Every structure is written in C-alpha cells, then in structure tokens.
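Enquirer: Please see the structure below; I have some questions.
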Amino acid sequence: MQKPIAEIFTWPSESPQLIGTKCDDCGAVTFPAQSRCARCSSPKMTELLLPTRGTIIAWTTQGFPPKPGFQGDATGKNFQPFGVGLVQLGDVVRVESRLSESDPAKLDFGQEVELRVVPFFTDENGDEIMTFEFAPVGA
Amino acid sequence: MTEVAIIGVGLHPFGRHGDKTAFQMGAEAIEEALADAGAEWKDVQYAAGGAWTVAQPDAVTGLLGLTGIPFHNVFNACATGASAVEAAATAIEVGNADIALAVGMDKHPRGAFVEPPGLCNMPDWYADNGQYVTTKFFGMKINKYCHDYGISQRTLARAAAKGYRNGSLNPKAFRRNPMTEDEILESPMLNYPLTAYMFCAPDEGAAAVLMCRADKAHEYTDTPIFVKSTQLRTKQYGAYEVNTTYAPVDEDVAPTVHASRAAYEEAGIGPEDVDVRQLQDTDAGAEVMHLAENGFCNHGDQEQLYADGALDINGPLPTNTDGGLIANGEPIGASGLRQVYELVTQLKGRAGDRQVQGDPRVGYAQVYGAPGTAAVTILSR
C-alpha cells in the first residue's frame, strides 16, 4: 500500500497541503510543525496548512547520489539527478523541497511551481512511500 | 582581561596519510608548535581540542605526557578549530592559565561528510528525500547569490583556480597542482553551478596553536602574534543556512556577518586594516560570498575583483594564501587552526614562496559551517 514519508502533508486528502505551524503571538510560520516559535520562543503554535503554489527563490541540482540515508537509488547505477529548491509559498514561508525538474536550463528564479505528492521508493515491507515535491505549474 | 599572544604554531600536512592515526598527527602538530615557541609540553596548563572522527581529543595527552591539565574537547562542525582557539584564549584571559594550547585533528574517509540526520536535529524524511546534503545547500546559496549580484560561473572557477595556484606554492598543501579555469568548469557538475573541482574534500590532518599571556610572550618569541578578537555566532531567525527545512520570507544576514561585525568591534579595527585573510572556502562560491559578508567588498564587486587578480598573493586583498580548503581539504577539527597557522606564518614573514609582501601586520580568519555557525578570529603583530 501507499504510505506518506512522514506526517508532514495532508495526503491522501484530495488536494494535499504541507502541514506547518503559525505562532499565535508573532505570526511566524514553521515547516514542519513544531511546538515553540523559532522567532519569539512562544509556546502558542497553531497548525497551519501551507499554500500549495509558490515561486522558486533559490535552486540547485543534486548531481550525485547522496550518501546512505537517501532512499532513492543511492547505488549510482540508476541514480537520476534531481532538483532542489527553496520555494516561497505566497507571503507565508519558504520551504526547501525536491523539484520535479532537474535540468538547469528549465529552472529559473521566480518560476511558478505547485506542490504534488508522488511515489518515491518502496520500503522493506513492500509499501510504496510517498513524498512531496514541487513541479512547474502546468507540468 | 589579560591579553593573549600566540607564541607557536604547528601543522601536520593535510591530505591522506595511510595508517597514521589522527592522534599521531595531532601529537606531531603539538610538538611542532611547542618547538616553534621553545616551550615544553609540561609548560602547557590548559588545552582545548577539536575533532569529529575522534571522540576524545584529550587522549593525545597519552602520546605527549599525562600531566593532568584541564582539557576541553570541543566540536562545532567547520567552526571547531576557531572554537578551540576561543576556549584556549579565554582560559588565559580570565587567568586560568598562563600558557594554553588549541589543537585540532581529524581523519575522514573519502567523500562527502555523512551522519544520521537526528544528530543535527533534522528529521529522517529530510535525509530520505536526499536533502541532507551540505553541498546542495552551498549550490543553492551561491546560485541565488550569482543571480542576485551578477556573478558568473567563470568567477567561481577563478576562485578555485586561485586556491590550487596558492596550494602549489605551499609545501604542506594537499592539492599542489595548479588547475586551469576551463578544467575546473569542465569537471562534473555536482550541485549547479558548482563543479567537482570547485569543492574541497574531507581529508586528514592536524594543527596546533600555542598561546600565552601577552606580558610573558617575549620569553618565547621575538614576534608574538596577538589575538585581537575571537567571536562565534549561530544563525539568527531569518537566515537561510545549512540544514533547514524552511526559511522565513523576511531574510536576515548570515551568521558570518554578525560574527564579523562583533570581531571588528572587539579588535577596534575595520576590514580596511586587514592585510591577509583566510575565509571558509568549502566551495569556491563560499569564498566569493564570504569576501562581502566579512566586509572586504560590496556584494557584486567580486566579479571584477577576481578578474583583476585582486585576491592573489600579490594583489591588494590576498585571500587564502595557503590554498584554503580548496587546496588543503578539510579535516574538520583542524581546519580553523590551519587558518591561524597560515596567518601567523604570514605575519611572521616566513611564508616563503607564498609570502604576502609589504610587511603584513593584521590577519583575519573566518570559518562557517553546519548548521549555520560562524566564527571570526583577528590577529595582529
């Protein structure tokens, strides 16, 4: 069966959103959720579902297999480079994420992207693990 | 507070050293620093030791003499060496010791650093996703920087080429072969826009710095090098740094900027007073950004400065004169102490083929690393 990589998005809801928290006192937002504010240290944090569309603030490509821990194909044999970006969701927060696009010629600053939850790897129990990534709008 | 002077430095060359242990390298670096000062191990009253691959650097005392001194083991990722310097200098400043030692040693396997994400308070999914990779953060940061300030990939290659060129003049460097900008640009793309030869490699080595009360320094050396400031900072809210799942929309400057400002203030000098500098160049882009973050130029000026050779040993802003991390690699615990070793070597005028001309008097060292920790050390003759 399919399972989320962690309880950090609302999938399998119809239009999945990332789950963050917002500080009741100063309004600062975190991703993922945490119990104390990183700006003002307040313990009053409320769950916040993050916008699903955003723009690329910073990006790079991962051209070599990350070390063990990485659950994609780390053997190098079938490793596919992937993109990584810092995506600004509205004026709420910036989230670091895998990007569906890994071709530098097709990635740009300010590019509009949207969240999607996709199959990522199959774990030792045979379950298909789902993760989040951002893809160019319309892709 | 008591003023602190460096009276001796030692460096075990960084590189690959077969079966030789980190402790053996650490002991040799300490012996060299002691010999440099004409001091003996039993004169040392306090020590701070940094390492990642060694759990207890203080075990080096077994190779030198079990004198029973207080010895603090420190780890602060790429800022470990600078933290050891600060600990040892503080021991003298507050009167706990007249003579104190900072040492760093490490022996890393080949390839990028790796550790379980939980050790840095990062969630497992971050590593599962392939995001727990420091080099990809460096790629993102310099890619944005290049976009924001008009820096070309050619400039990144120039920064790396300078590192290899300076390394070729340094008998103790790991990488001693100059490399052309085109060779660097054509090497495999690891994290756009950074290619393989734009990165330093984790390796092996050790360094040691011996300090004493400034009023006793002349008992050991004719040219004491004074520690004018040591400042360590972690990231503030708003900074987008290594190991983060998110960042606020409102940006703050990098921790290097805060450490740098505090260090200049403590030393009572400005960037225009610095004659020779060592900046963290885990990758070529880091050196480019750190030049501005430490006040040596405005953001974007680097494009022209590198084209003009301004950062070369004979230029107006000599930087990473020993080849930096690019040519020396990074044994994490020793790296910040290598910077201090090089500054002392330059300020004493004994850097040989790579000596900065014009009688340099002020040296500046900056380290930066995960998870957004920076330190600055300013020295003067």
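The values are calculated or read from the model by the stated rules, or taken from the named source; none is laboratory data. These figures come from a predicted structure and were not determined experimentally. Cβ sites come from the backbone with ideal geometry, for glycine too, and all protein chains shown count toward neighbours. Heads up: the accessible areas ignore ligands, DNA and RNA and are worked out on the full protein's heavy atoms, side chains in. Shrake-Rupley method; radii C 1.70, N 1.55, O 1.52, S 1.80 Å.
Enquirer: Tally the residues that are out of contact with any strand residue (DSSP E or B) (no Cβ under 8 Å at 6 or more places or on another chain), part of a helix (DSSP H, G or I) and among the aliphatic types (A, V, I, L, M), restricting the search to the stretch B:327-378.
Expert: Selection size over the stretch B:327-378: 1.
Enquirer: Among the residues of the stretch B:276-301, which ones are out of contact with any Ser or Thr (no Cβ under 9 Å at 6 or more places or on another chain) and among the acidic types (Asp, Glu)?
Expert: B:Asp301 - this is the single residue of the stretch B:276-301 that is out of contact with any Ser or Thr (no Cβ under 9 Å at 6 or more places or on another chain) and among the acidic types (Asp, Glu).
Enquirer: Can we say A:Ala58 is open to solvent by 20 Å² or more (accessible area, probe 1.4 Å), at the interface with chain B (Cβ under 9 Å from one of its Cβ atoms) and out of contact with any Cys (no Cβ under 8 Å at 6 or more places or on another chain)?
Expert: The answer is no for A:Ala58.
Enquirer: Looking at the stretch B:244-272, which of its residues are more than 10 Å from every other protein chain (Cβ to nearest Cβ), open to solvent by less than 20 Å² (accessible area, probe 1.4 Å) and in a loop (DSSP other than H, G, I, E, B)?
Expert: If the condition is that a residue be more than 10 Å from every other protein chain (Cβ to nearest Cβ), open to solvent by less than 20 Å² (accessible area, probe 1.4 Å) and in a loop (DSSP other than H, G, I, E, B), then B:Ala254, B:Gly270 are the ones that fit.
Enquirer: Read through the list (1) outside any helix (DSSP H, G or I); (2) over 23 Å from the mean Cα position of the chain (by Cα), then give the number of the only condition that B:Phe174 fails.
Expert: Looking at each condition in turn, B:Phe174 falls short on (2).
Enquirer: Are any residues in the stretch A:63-106 facing chain B (nearest Cβ under 9 Å), of a type in the set (Lys, Arg) and either farther than 17 Å from B:Tyr132 by Cα or touching a strand residue (DSSP E or B) at 6+ places or on another chain (Cβ under 7 Å) (or both), and if so, which ones?
Expert: Scanning the stretch A:63-106 gives A:Arg94, A:Arg98.
Results for (1) surrounded by 19 or more Cβ atoms within 10 Å (Cβ to Cβ); (2) within 19 Å of the chain's Cα centre (by Cα); (3) over 16 Å from B:Pro271 (Cα atoms), shown as yes or no for each residue.
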position: B:Glu303; (1), (2), (3): no, no, yes
position: B:Asn314; (1), (2), (3): no, no, yes
position: B:Gly324; (1), (2), (3): yes, yes, yes
position: B:Gln346; (1), (2), (3): yes, yes, yes
position: B:Gly363; (1), (2), (3): yes, yes, no
position: B:Thr373; (1), (2), (3): yes, yes, yes
position: B:Ser380; (1), (2), (3): yes, yes, no
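Enquirer: Within the stretch A:25-42, can one find any residue that is part of a loop (DSSP other than H, G, I, E, B), touching an Asp or Glu at 6+ places or on another chain (Cβ under 6 Å) and buried (at least 19 other Cβ atoms within 10 Å of the Cβ)?
Expert: no
Enquirer: Then there is this: Under 8 Å between Cβ atoms, which residue pairs at least 6 apart in sequence (or on different chains) link something in the stretch B:40-53 that is in contact (Cβ under 8 Å) with a residue 40 or more places away in the chain and surrounded by fewer than 21 Cβ atoms within 10 Å (Cβ to Cβ) with a partner that is of a type in the set (Asp, Glu) and assigned to a loop (DSSP other than H, G, I, E, B)?
Expert: If the second residue must be of a type in the set (Asp, Glu) and assigned to a loop (DSSP other than H, G, I, E, B), the pairs left are B:Gln45/B:Asp98.
Enquirer: Considering the stretch B:146-158 alone, what residues qualify as being open to solvent by less than 20 Å² (accessible area, probe 1.4 Å) and either within 9 Å of chain A (Cβ to nearest Cβ) or not in a helix (DSSP H, G or I) (or both)?
Expert: B:Ile151
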